[in-house]
Every structure is written in C-alpha cells, then in structure tokens.
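Structure first, then comments.
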Amino acid sequence: MEKLIQTKYGMMEGIDCGDHYEYRGIPFAKPPLGELRWQKPEKCEPWEGIYKANNFKAKAIQPDNGNMELYGKEFYGVDGFTREASEDCLYLNIWCPKDAVHGQCPVAVWIHGGAFHHGYSSEVEFDGAEYCRRDIILVTVAYRLGVFGFLSVPELVEKEGHSGNYGLMDQIMALHWVRENIADFGGNPDNVTLFGQSAGAMSTLCLCNSKKSSGLFHRAIMQSGGGYRSPLNMMADGKCMHEIYEGLKKNLGISHFEQMKTIPAEQICDAYFKLDVIKQGQEFLKPCVDGYILEKTIDQSIQDGDMADLEYILGSTKDDLLCDRQKGSEPAGGLWDAAAGLACLCQEKNRKIPYLYYFAHDLPGDKAGAFHSSELWYMFGTWKRCWRPMGKEDEVLSERMLDSWCSFIKTGNPNCKNKDEEWKPYMGKQYKLFK
C-alpha cells in the first residue's frame, strides 16, 4: 500500500515509519462544539486536498493528570507524549503494515481507560508497531469524557427521549468510520476486534450489550473491566445524574441548560470537579441506562442473554483495583471473579466460553507490583519507553502477550503454533498466567 490513502472523506498522507505507516489525528466526527455539546456525534465533512495525518490531536477535556499518583509518572506526565485538552477531540489513529493488501488485514480497535474522566488515545504506552509486525492494523480512538461524555440532561430526555452516554456514541461513530474506511488502509472490516482496559474494557462491555454497535466488531478483549456482577458494572442512576446536573448548574451560577452551551469547557469541567460528591469520590459520571445505547443494566443484559455471542478474552492483574491479592497460588478478587463469573454464565447458557488471563508480573522499579494497567507496557510492546529498569524477562513476557493477543485478533483463538502452553477457554480452572 502507499503512504497516500484515498478515504471516503478525502486524500490522506501518513508518516513513513520504516516497516509500517502511521496516520495520526484522523477526524471521525465533527467537533462536538456549541450546539453539538451533549448531542450524538455527527459525521465529519469531506475535505479538499491532502490531509496531513502526521500529528496526534488534543485529548478530551479533563484535568491535568501529570502529577497524579502512580499514573502521572507512569503514563500521563511523560515528555513528548502529553497533549493539550480540548472539546475538539474526536480523532482516531491508525498503524498499518506497508505490505497490507486492500481489505485483508485483521483490525484491532483500542479504547483507552481512565475511569471515563481522563486518558487519551496517544498515551506513551500505546503504539501499533508490534501489531503491524504481526500483520495487524491497530486503531486507537478518542471519546468525550466526564461531564461532556456522560452527563444526562433532563431537558434533553424530555425533548429527545434520551441523554447521556455521549462517549459511547463517539466510540460507535468511530467503529462506523472504521467499517466504512479501513479497507483503504488494508484492513478487513469483517475481521475487527474491539479491545480496551479499565474504562475501555467497561466501554467494550457496554458495546457488546448495545444494539447500536451490532455487527461493527467480531470479537473482544476486556482487560480489568469486563465481566458479570463486576464492582465496576454499577451504572449511573437517575437520582445521581439529577443531583450532579443540579449541582453543576448551581456551581456555574445558571438556571437554564441552554446557557451551558456557551460557557467555556474548562469552566464547566472545573465546576464539575468542585461538586462534593465528585471531590469525595462518592460518585462520578459513567455509562447509564438511557433507553438508546443501553436499554438495561449491563448485568441484566448479560443475564437475559442479550450480550453478543462472540469470542472473548477477559482478565485482570494481581494487584488490580477492587481485588484481593491472590489466595495462595490462585487468582481472587472483584475483577477476576467478575471475569470468571461471565465465563461460567456463558457455559450455562451454551454460548462461546471466554478465555481468561491473569497478569501477575511485578513490574521492576518500585513496590507497585502488578498494578491496574501494568500489563499495557507488555501487550503493546512498548516496555522500552517505560521509565522502569526493564530487562530480558520483560521482553520475553511482552512477546508472549503480543503473540497471544495477535493470534486471537486474527482468528479468535489466542494459541500460537509451537509456542507456549495451550490456552483453553475457562471452565472453572483454565486460564493463562502471565508472570
């Protein structure tokens, strides 16, 4: 394939990175500004001339997280990878092999984590070079966060019948863009894997239970955020949404929703994080049952058999959020139990049984252990970018994870021929240990 790509929206030029091309900052929707705040994303406009896809774009509106404990140093405060925050954030990035043939390569679409309030699609640990070397196209997508991505507005519910979940709508719009254009980059629109970690895994789980995303992807990987009866599956309820909305108006000194469309985004974000329930960590905005994207709670949807019957990988880390440390030699805790619970329910309902993994490798450099998000350096193959004193065992572990993830993305089976022990679907005990 060539560096110049003719998409449905216009000609695009990427970056030559030796054995692959990168296309950074591709618009997949109109900027959600002004009247498009708290609205479904709209298709972007075609452009004339050649679009230079050579720079990552702004991250969604969010606080500065460079000084955040653990994650500031680990992911968010790294020189050369930080981004300004802007409402104009609906862009995606593509890494593709140079020898990709039109419509042939498997495609992996990544949704970043960050508790639905922070994070972005070009963080230091994300990169598609290793996927390209394994003949896979990687796409990373952005979406609206926090008050702009997940606020439910009563006036809009009354007017339009639903409100909230705008971040999920952005993800679905990005998947539509991939469906429409990825063949021009060498990707197969009928072989798309959706995957994500933390809020990205929770987003993936939501889309696996939404009719609005049906047919847009064909298998999924959920890292530290997918499962049945997970402590992270709690949906935002109506009372909570109403309190946040009313508190937000009070902090902004306004009485009508229409006034919120003209207030600077940074001011709205600041007013949101000054709410007592947010400061105290009692609540935060997240996906809700809106009757449009999500018709039921996630657990009810899974229980009713509405979840897409696809091939799945789920798992967690040893020192994950809301998890006990392993009991003896076996995994234990909230996120692991949720993943195992989903696998068991799939078995009961005669559906495809997920593969489960457990990441138990203590990262070098401090005593954080196998913390929430620690596997990202390994399954993206970006461990050399990390500040930690990584060595040969980290390289070997990264190769194992990449081989398994890429085999699954290609075929729905994470086993690699002549490599590693067999990884079987979970039926009570079987899981893959990465240590």
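Region 214-267 and region 386-435 have Cα centres lying 34 Å from one another. Highest mean packing first, where packing is the average number of other Cβ atoms within 10 Å per residue, the peptides 86-96, 68-78 line up as 86-96, 68-78. Leaving out ligands, DNA and RNA, and with a 1.4 Å probe, what % of the accessible surface on the chain is carbon or sulfur? Carbon and sulfur: 48 percent of the exposed surface of the chain.
Normalised by the residues of the chain, what does the relative contact order come to in percent, with Cα pairs under 8 Å and at least six apart?
Numbers: 942 pairs, mean separation 61.8, N = 435.
Result for the chain is 14 percent.
Among beta bridges identified by DSSP and lying wholly in the chain, the antiparallel ones come to about 30 percent. Candidate membrane-span-like segments in the chain, meaning DSSP H helices with Cα atoms spread over at least 24 Å of their own axis and a Kyte-Doolittle mean of -1.0 or above, are 392-411, with no membrane implied. What FRET efficiency do you get for ASN55 and ARG133 if R0 is 25 Å and r is their Cβ-Cβ distance, rounded to the nearest 0.05? Step by step, r from the Cβ atoms, then E = 0.60. Using a cut-off of 20 Å between Cα atoms, the listed pairs LYS98/LYS384; LYS212/LYS296; LYS212/LYS286 include LYS98/LYS384 as exceeding that distance. Summarising the amide proton neighbourhood of LYS432: residues at separation of 5 or more, or on other chains, whose placed amide H is nearer than 5 Å comprise LEU356, TYR357, TYR358.
Of the residues GLU311, GLU243, GLU123, the one that moves most in a GNM of the chain with alpha-carbon contacts below 10 Å is GLU243. Ordered from highest to lowest accessible area with the whole protein assembly present and a 1.4 Å probe, GLU375, GLU2, GLU180 read as GLU2, GLU180, GLU375.
To the nearest µm²/s, what D does Stokes-Einstein give for region 169-323 at 20 °C and 1.002 mPa s, using the Kirkwood radius over alpha carbon pairs as Rh? Present the calculation step by step, with values, prior to reporting the outcome.
On the way: Rh = 17.6 Å.
Translational diffusion coefficient: 122 µm²/s.
Looking at the calculated P(r) for the chain, what percent of the C-alpha pair distances fall above 43 Å? Numbers along the way, then the final one.
Numbers: 7563 of 94395 pairs.
Beyond 43 Å sits 8 percent of the P(r) for the chain.
For the chain, with only Lys/Arg (+1) and Asp/Glu (-1) charged at the beta-carbon, what is the dipole magnitude about the Cα centre, in debye rounded to 20?
Values: 49 positive and 61 negative charges, 104 e Å.
Approximately 500 debye in magnitude.
Comparing mean-square fluctuations of LYS250, LYS40, LYS98 from a GNM of the chain with C-alpha springs under 10 Å, the top value falls on LYS250.
The mean accessible area for residues of the chain, using a 1.4 Å probe and ignoring ligands and nucleic acids, is 40 Å² per residue.
Annotation note: trypsin sites (Lys or Arg not before Pro) in region 194-232 located in DSSP loop regions with a Cβ neighbour count of at most 16 within 10 Å are ARG229. In terms of overall dimensions, the C-alpha atoms belonging to region 74-187 reach 51, 35, 19 Å along their principal axes, ordered largest to smallest.
Short to long, the 5 Å bins of the Cα pair-distance histogram for region 40-90 hold 5, 16, 18, 22, 15, 10, 9, 4, 1 percent of all pairs.
Here is the size of region 351-435 from its Cα atoms: Rg then Dmax, 13.5, 43 Å. Modelled spin-label separation between LYS279 and GLU243, with each label point placed 7 Å from Cα along the Cα-to-Cβ direction: 1.6 nm. Taking the charge dipole of the chain about its Cα centre, with +1 at Lys and Arg Cβ atoms and -1 at Asp and Glu Cβ atoms, the residue from ASN54, GLY369, PHE284 reaching farthest to the positive side is GLY369. Rounded to the nearest 20, the Cβ-based charge dipole of region 151-191 about its Cα centre (Lys and Arg +1, Asp and Glu -1) stands at 60 debye.
For region 392-432, the list of trypsin sites (Lys or Arg not before Pro) that fall in a loop by DSSP and count at most 12 other C-beta atoms within 10 angstrom reads LYS417, LYS419, LYS429.
Could you pull out the chymotrypsin sites (Phe, Trp or Tyr not before Pro) across region 342-427 that fall in loop regions by DSSP (anything but H, G, I, E, B) with no more than 16 other Cβ atoms inside 10 Å?
Filter output for region 342-427: TRP387.
Pairwise alpha-carbon distances in region 202-252 exceed 18 Å for 52% of all pairs.
The values are calculated or read from the model by the stated rules, or taken from the named source; none is laboratory data. Please read all numbers here as calculations on a predicted model, not as lab measurements. Note: ideal-geometry Cβ built from the backbone for every residue, glycine included; neighbour counts use all protein chains shown. Each accessible area value is taken on the protein alone, full model and side chains, heavy atoms only, with ligands, DNA and RNA left out. Shrake-Rupley method; radii C 1.70, N 1.55, O 1.52, S 1.80 Å.
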